[in-house]
1. Across the range A:33-43, which residue is nearest to residue A:7 (Cα to Cα) among those that are in contact with a strand residue (DSSP E or B) (Cβ under 9 Å, 6 or more places away or on another chain) and modelled with pLDDT under 90?
2. Right, residue B:17: touching a Pro at 6+ places or on another chain (Cβ under 8 Å), among the aliphatic types (A, V, I, L, M) and in a strand (DSSP E or B) or not?
3. Residues that are within 14 Å of chain B (Cβ to nearest Cβ), touching a Lys or Arg at 6+ places or on another chain (Cβ under 9 Å) and closer than 22 Å to residue A:287 by Cα: does the range A:30-48 have at least one?
4. I need the full set of residues from the range B:31-70 which are charged (D, E, K, R) and more than 14 Å from the chain's Cα centre (by Cα), in order please.
5. Among (1) polar (S, T, N, Q); (2) touching a Pro at 6+ places or on another chain (Cβ under 9 Å); (3) closer than 27 Å to residue A:91 by Cβ, where does residue A:220 come up short?
6. Applying the selection to the range B:217-245, what residues are under 20 Å from residue A:259 (Cβ atoms) and part of a strand (DSSP E or B)?
7. Filter the range B:154-170 for residues that are crowded, with 22+ Cβ neighbours inside 10 Å and more than 14 Å from every other protein chain (Cβ to nearest Cβ) and give the result.
8. Does residue A:28 fit the bill of being assigned to a strand (DSSP E or B), closer than 17 Å to residue A:234 by Cβ and in contact with a Gly (Cβ under 7 Å, 6 or more places away or on another chain)?
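The values are calculated or read from the model by the stated rules, or taken from the named source; none is laboratory data. The model shown is predicted, which means the values in this text are computed figures rather than measured ones. Cβ placement follows ideal geometry from the backbone for every residue including glycine, while neighbour counts extend to all protein chains displayed.
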Amino acid sequence: MEPILKVRNLKTRLKIGNDIWTVVDNLNFDLFHGKTLALVGESGCGKSMTALSLMRILPNPPALPPEGEVIYQGTNLLALSEKEMRKIRGAKIAMIFQDPMSSLNPVYTIGNQLVEVAELHLDLYGTDALNKAAEVLTNVGITNAKQRLNDYPHQLSGGLKQRVMIAMALMCEPDVLIADEPTTALDVTVQAQVLKLIRELQEKSGMALLLITHDMGVVSEMADDVIVMYTAQGVEKGNADDIFFECAHPYTVGLFQSRPSLQQQRGKLQPIPGQVPTFQHMPSGCRFHPRCPYVMEKCKKEVIPDFIILEQQNHTAKCVLYDGTEESELNLTRLNKVKETL
Amino acid sequence: MTEPLLEVKGLKKYFPIYKGLFRKEIGVIKAVDGIDFNIPQGHVLGMVGESGCGKSTAARTAIRLIEPTAGSISFMGKSLTAMSRKELKSVRKDIQMVFQDPYASLNPRKTIRENIGEALIFHQLVSSYEEQGERVAEVLHKIGLSPDVMNRYPHEFSGGQQQRICIGRAISLNPKLIICDEAVSSLDVSIQAQILNLLHELKETLNLSYLFISHDLAVIRHLADQVAVLYYGKIVEYRPTEELFQNPQNEYTRTLLAAIPKMKRKK
C-alpha cells in the first residue's frame with residue numbers, strides 16, 4: 001500500500017543563543033490511509049515538535065527550518081513556499097491541539113471561527129458557510145448545532161470544546177489528521193467518547209491519523225503502529241501488538257514496568273532510575289545508557305543504529321542488545337526475564 | 001479496626017449563587033452534599049471522580065480549609081468543627097497537603113531551606129537557624145535528595161524533584177495525615193512511579209495516613225486501601241479497593257472503570 005505521508009530523516013533544530021539543539025533527530029515513518037500511528041514518549045522527548053515540524057508551524061527563530069523530507073502526493077512539503085504550504089495546512093493536513101480552551105479564540109463565537117475555515121479553504125460564504133459549520137458540528141455529535149454556533153468557547157464544556165476543535169479540523173476532509181494529546185485535558189469518560197468519535201470519523205473518511213500521546217492506554221485503544229520516542233529519537237518502532245507484548249527496547253520495558261497496573265495491586269513499582277537527560281548534557285552513544293540496567297561498554301561510545309527485531313513486521317529498536325554478540329545475548333536473556341513479569 | 005484518625009459525618013458544602021446589585025442569594029451549588037468517610041491510622045483513602053465532582057472541595061472541607069455548611073468532623077478523637085481558629089492552628093501541623101502542580105505550590109523566591117523550613121519556625125518546632133538547617137537536611141534525606149541542595153531555588157529542579165520537595169515540606173512537621181490532591185497527575189509515568197514509591201515508603205516508615213485524590217484509577221488501585229467514588233458531591237460507592245475493582249456495584253463506578261483504555265491484543 002502506498003503511504004499518504006512519507007517522512008524521511010526529519011530533523012528539527014532549535015537555535016537558542018549560540019547553542020543548537022536537535023529536538024527531532026532523524027525520524028522516519030509512513031502514514032497510511034485509514035491507519036493510526038502513535039508517537040509515545042515522556043514530556044520533552046520531541047513528540048509535539050515532530051507534529052509542529054510536519055505542519056511547519058514552529059516559530060523561526062528559535063527553530064531552524066526542519067530538514068529532511070515530508071512527502072505528500074509526490075511533493076516535499078518542507079521545500080514548499082509559505083504561500084503553497086498555507087493551502088495544504090488545515091485543508092489537507094489538519095491538527096487538533098491538546099488544550100481546547102487555549103486553542104479556541106475566546107472573543108469570537110465558535111460559529112465565527114468555523115466559518116473562517118469554510119471561507120479560507122472551501123470558498124463558501126454567508127449562509128453556505130454557516131450551513132457547512134452547522135453540518136460539521138452535527139457530524140461530531142453536537143445536538144442543535146445551529147444554536148451552538150452562537151456560543152462562545154467559555155460556554156462549552158471541555159469535551160464539547162474538543163469536539164468543536166475536531167469539527168474545525170475535519171471541515172475540509174483532510175487526508176492526514178495530527179492529534180496532539182487530544183484527550184489529555186479531559187476526564188476518562190469524556191476521553192472515551194472523544195476517542196470513539198475520532199475512530200468513527202476515521203472509518204468514515206479514511207484519513208490517516210498521527211496520534212501523539214503519553215498515555216499507553218490510549219495508544220493500545222487507537223494505534224495500529226507505534227513509535228516510542230526518547231530524547232528526540234525514535235527508539236522503538238513496530239505495530240501496536242509488538243510494542244505492547246514483545247517490546248524490545250529497555251526504555252519501553254521500563255515504561256511498562258513503571259505503570260501502576262489496573263489489573264492487580266502490586267507491591268513496589270519499578271521506576272526507570274535517574275532522569276531524562278537535558279539537551280545540554282546529552283550522553284554519548286546510546287542516549288539511554290546512563291539509565292539502562294543492561295548497559296555494556298559498547299553502548300557508551302558508538303552511535304546506535306536501528307536493529308531489526310522482526311523483519312516482516314517492521315519492528316525495530318535502537319539498541320545494541322540485538323546485535324547478536326555473546327555479551328548482548330546474555331543481557332538479552334535478563335531483559336526477557338523481566339518482560340515475562342509484565 | 002483501629003480508632004479512625006479522621007472521621008467525617010454528613011459533610012456538606014453549599015456555595016451560594018448571587019445575583020443582581022444587592023447580591024441576592026438565588027440558589028446554591030451543592031459541591032459536597034452529605035458525605036461520610038473515615039480514615040483509620042496508617043490507611044490510605046482514595047477519592048476518585050470526574051473533574052468538578054467535588055473531590056478537592058470534599059478534602060478541603062474535611063479539614064476546615066473551607067468552612068463546611070454542615071456536618072461533623074473529628075480528628076484524633078477531637079471535634080474539628082467545634083474548634084476555634086486558634087485551636088485549629090495547633091492541629092494544622094498534623095494535617096498537611098501536597099498539591100497537583102509542584103512548581104506553583106513552592107515559593108519561587110525562597111530557597112528550598114526556606115520553603116521546607118518556614119513551617120517549622122511558624123509552629124515553633126525549631127528555635128534556631130542551625131536547628132532548622134538540621135531538620136531540613138533530615139527531611140531532604142528522607143525524600144531522596146542531597147542536603148547540598150538546601151540553598152537552591154525551586155526552578156533549578158525538575159518536576160519530579162519539585163514534587164519531592166513538596167512532599168518534604170509536608171512531612172517536615174511530622175504530620176499524621178497528608179492530603180494528596182492529584183499529587184502525581186502532572187508527572188510522567190517513570191517519575192510518577194518514583195513518587196508513588198516514595199509516598200508508600202514514607203507511609204510505612206512514618207506511619208502516615210493519606211487522603212489520596214486522583215482521577216487516575218490505576219494509581220488509586222496501587223496505593224489505596226479504601227476507595228470512595230464521588231459523583232456530583234455525593235459518595236456513590238465506598239468500599240475496600242480490591243472489592244471495588246473486582247466487583248463494582250454502582251452503575252457510575254462501572255462506567256468509570258469501563259471508560260479506561262485497556263491494553264489488549266488486536267490479533
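1. From the range A:33-43, those in contact with a strand residue (DSSP E or B) (Cβ under 9 Å, 6 or more places away or on another chain) are A:33-42; that's our starting set.
From what is left, the residues that are modelled with pLDDT under 90 are A:41-42.
On the way: A:41: 19, A:42: 22 Å.
Across the range A:33-43, the extreme among qualifying residues is A:41.
2. The answer is no for residue B:17.
3. Looking for residues that are within 14 Å of chain B (Cβ to nearest Cβ), touching a Lys or Arg at 6+ places or on another chain (Cβ under 9 Å) and closer than 22 Å to residue A:287 by Cα, one finds at least one in the range A:30-48, hence yes.
4. Kept after step one, since they are charged (D, E, K, R), are these residues of the range B:31-70: B:33, B:36, B:50, B:55, B:60, B:64, B:67.
B:33, B:36, B:50, B:67 - these are the residues of the range B:31-70 that are charged (D, E, K, R) and more than 14 Å from the chain's Cα centre (by Cα).
5. All conditions are met except number (3).
6. B:227
7. If the condition is that a residue be crowded, with 22+ Cβ neighbours inside 10 Å and more than 14 Å from every other protein chain (Cβ to nearest Cβ), then B:165, B:166, B:167, B:168, B:169, B:170 are the ones that fit.
8. Details: assigned to a strand (DSSP E or B): yes; closer than 17 Å to residue A:234 by Cβ: yes; in contact with a Gly (Cβ under 7 Å, 6 or more places away or on another chain): no.
Against the criterion (assigned to a strand (DSSP E or B), closer than 17 Å to residue A:234 by Cβ and in contact with a Gly (Cβ under 7 Å, 6 or more places away or on another chain)), residue A:28 does not qualify.
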